[in-house]
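Working notes, beginning with the structure itself.
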Amino acid sequence: MTYSLVDFCGDVRAILAESDNHDGRQRVRRQLEALLDDADFRAAYLGADEDGMTQIYEDPDFRFCVLAYKMAAAHSSPPHDHGDSWAVYGQALGHTDMTVWSQPDEGNRIEPKRTFRLEAGQADLFDVREIHSISYCHGAKFVRVTGVDMRALSRGARGARPSQERALSRGARGARPSQERALSRGARGARPSQGSVEPRRVFDPETGEVHEVASVGTSRR
Ligand SMILES: [Fe+2]
């Protein structure tokens, strides 16, 4: 039995309508594992073509987004969170080593709390404000589902606690000037979330790169 991106997004909508909380996001995680198991989905969105990240769905009502990553080079992100957005990561090919960080004294210091490797077919949840870092191998392919679209990341950075702000800033400082300019253009050119949007360039803290984001709205397969 096939399980398409259309099926997945419909299920996520139903889940969030009923349970927009930790338990609901765990259900989203399980559905993402089902989606990753579908060969037609992997062929359509995680094939052998160009490198990089593509936003393949943005929900006009619940605001969650689905992003497909095909990364030619290995990369490690700094510790960061996604502000008020949760994120579910699902590995399709290769692996990603994950570290969850804690702030033991509510100060600026953070320390690793949990490390694990996400293998192909597995998905895991980072809930709201959960600090994490990721390190993926070359050729890694994975899907990320976020509670809101990429523009919300800047809101998360502004609302982050001091240690998180530094972590986020370290990632931002790694961007080349051209990328920073592109990010600024993307932010100014962004429109309110309404399903399909014009392609725009956004800075991705998971990769330290600027990407062209193309939403395909609700017509996906
Ligand atoms: Fe992240």
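Rule-based calculations on the coordinates, nothing more; no lab input. Remember, predicted model here, so these are calculated numbers, not experimental data. Counting neighbours? That spans all protein chains shown, and the Cβs are built from the backbone with ideal geometry, glycine included.
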_Neighbour counts of other C-beta atoms within 10 Å: give me V143, V6 arranged from fewest to most._
V6, V143
*So how do W101, W86 line up by other beta-carbon neighbours within 10 Å, fewest first?*
W101, W86
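If I stretch the segment between S4 and H22 completely, what's the gain in nm (0.36 nm per residue apart, minus their alpha carbon distance), one decimal?
4.1 nm
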*Based on other C-beta atoms within 10 Å, arrange T146, T99 from fewest to most.*
T99, T146
*Where Lys and Arg each count +1 and Asp and Glu each count -1, what net charge lies around T2 among other residues with Cβ under 9 Å from its Cβ?*
-3
*Distance between modelled label sites at K113 and R129, nm, 7 Å Cα→Cβ extension*: 1.1
*Hey, can you grab everything whose amide H is under 5 Å from the amide H of S102? Only 5+ residues off in sequence or another chain; H modelled, so Pro and N-termini drop out.*
E111, K113
*Provide the gained length on full extension for the span V100 to A39, in nm with one decimal, where the gain is 0.36 nm per separating residue minus the Cα-Cα distance.*
18.9 nm
